[in-house]
1. Can you spot a residue in the range 118-131 that is within 19 Å of Phe295 (Cα to Cα) and open to solvent by 30 Å² or more (accessible area, probe 1.4 Å)?
2. So which residues in the range 64-112 are in contact with a helix residue (DSSP H, G or I) (Cβ under 8 Å, 6 or more places away or on another chain), near the ligand (Cβ under 10 Å from one of its atoms) and open to solvent by 40 Å² or more (accessible area, probe 1.4 Å)?
3. Taking the range 132-150 only, how many residues are under 22 Å from Ser219 (Cβ atoms) and surrounded by fewer than 20 Cβ atoms within 10 Å (Cβ to Cβ)?
4. Within the range 10-44, which residues are within 6 Å of the ligand (Cβ to nearest atom) and either in contact with a Phe, Trp or Tyr (Cβ under 9 Å, 6 or more places away or on another chain) or not hydroxyl-bearing (Ser, Thr, Tyr) (or both)?
5. Does the range 192-203 contain any residue that is touching a His at 6+ places or on another chain (Cβ under 7 Å) and either modelled with pLDDT of 95 or more or open to solvent by less than 10 Å² (accessible area, probe 1.4 Å) (or both)?
6. How many residues, within the range 132-150, are within 17 Å of the chain's Cα centre (by Cα) and farther than 22 Å from Ser291 by Cβ?
7. Identify the single condition in (1) farther than 27 Å from Asp242 by Cβ; (2) in contact with a Cys (Cβ under 9 Å, 6 or more places away or on another chain) that Ala67 does not satisfy, given that it satisfies every other one.
8. In the range 272-285, is there at least one residue being open to solvent by 40 Å² or more (accessible area, probe 1.4 Å) and under 26 Å from Ala164 (Cβ atoms)?
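The values are calculated or read from the model by the stated rules, or taken from the named source; none is laboratory data. Bear in mind that the values here come from a model prediction, so they are computed numbers and not experimental data. Note that we place each Cβ from the backbone using ideal geometry, even for glycine, and neighbour counts take in every protein chain shown. Quick note on the areas: whole protein, heavy atoms, side chains included, nothing else; ligands and nucleic acids left out. Shrake-Rupley method; radii C 1.70, N 1.55, O 1.52, S 1.80 Å.
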Amino acid sequence: MINIALIGYGYWGPNVARNIHANPDLKLHTVCDANEEMLEKAKRLYIAQTKYELSYKKLLDNPEIHAIAIAVETSGHFNLVKEALLAGKNVYVEKPFTSTVKEAEELRDLANKLNLIIHVDHIMIFHPIIKKIKSLFESGELGELLYIDAMRMNLGQIKKDVSAMWDLAVHDLSIIDYLVDGKEPFYINAVGEKYYNPKESLCFLTLRYKGFISHIQSSWISPLKERKLIIAGSKKMVVFDDLKSEKLFIYDKGVDVISGENIEYKDYAVKTRDGDILIPYVKVEDALYNSINHFKECVQEKKQSISNPDQAIRLQKILEEADKNMNK
Ligand SMILES: NC(=O)c1ccc[n+]([C@@H]2O[C@H](COP(=O)([O-])OP(=O)(O)OC[C@H]3O[C@@H](n4cnc5c(N)ncnc54)[C@H](O)[C@@H]3O)[C@@H](O)[C@H]2O)c1
């Protein structure tokens, strides 16, 4: 049994607590929140044997606690992860990992030195639909990747410590990173606007990778909630709509280049191809449960997480470069 303490019981923390509790190999040892009101809320969902603390310092020297899960605002991640590692605890931390690449590198090096695990909750790579899309590419069914168009928008919650791009595009960047095995873009640009926030609350990020391009829209200023990806392959195209009950659509559509007889232009013709739309059966799984379960396996087997600091650093390098190029 691995005893985990959770720091942060705001908007997202209760979901992390619920999924730790649901895992038979994990014990939610302590819930910690510096805000008394939040801690009272946590106590109402009382789980036998779970303790409650206002100060995270109490968790650090408790030898019963093997791991710490961190679900506080991004600006608070660096200090808490560092203190947890120095106290000898394995760490599960919410995305985005840290506020800068430099901080992320320091924590990665510290964890390696101390032989401890850091798992960053890049939740989307644990989503069954994303795993299915990866298998469709690996089997060759979709052909070559042409482009990825991602939309992640809703009204609010406008945060102060991160931009909508750091908060939302990080999900899409983690999906791309996972689908193309860590391939990095060679062109990064973005436009954004700072409505009601010291950082951008609306942002359009454009990326060019070897062989494909990507556009990622992140917004807290939208009348509609969207969580949608369009991924075009040279053979088939897929749409992943995370807000629908049927989430994955495979379109047997595309563009064929035909050479030979009856050609229209010079020695080849370009023809669009229409075909069936398939909604494949994909077993329902909770992505957050899968992410936490993967962290558990990494701690048990002392192996690197697939969403380790190196992955987070690749994503944050893109975000930092996009910030540098923003509106230029
Ligand atoms: N994986 C996902 O899909 C997903 C979704 C939403 C949020 N998140 C991430 O979860 C994290 C938390 O976001 P949120 O929206 O829940 O924030 P929030 O502001 O609603 O909650 C943060 C909580 O942490 C507490 N806190 C902050 N510093 C603390 C400290 N030092 N000690 C004890 N308690 C402390 C605050 O009192 C607050 O209750 C962020 O990193 C965010 O990006 C991830």
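1. Yes, the range 118-131 has at least one match.
2. Glu83
3. 2
4. Gly10, Trp12, Gly13, Cys32, Asp33, Ala34, Asn35, Met38
5. First, the residues of the range 192-203 that are touching a His at 6+ places or on another chain (Cβ under 7 Å): none.
Among the residues of the range 192-203, not one is touching a His at 6+ places or on another chain (Cβ under 7 Å) and either modelled with pLDDT of 95 or more or open to solvent by less than 10 Å² (accessible area, probe 1.4 Å) (or both), which makes the answer no.
6. The qualifying residues number 1.
7. Going through the list (1) farther than 27 Å from Asp242 by Cβ; (2) in contact with a Cys (Cβ under 9 Å, 6 or more places away or on another chain), Ala67 breaks only (2).
8. Looking through the range 272-285, none of the residues is open to solvent by 40 Å² or more (accessible area, probe 1.4 Å) and under 26 Å from Ala164 (Cβ atoms).
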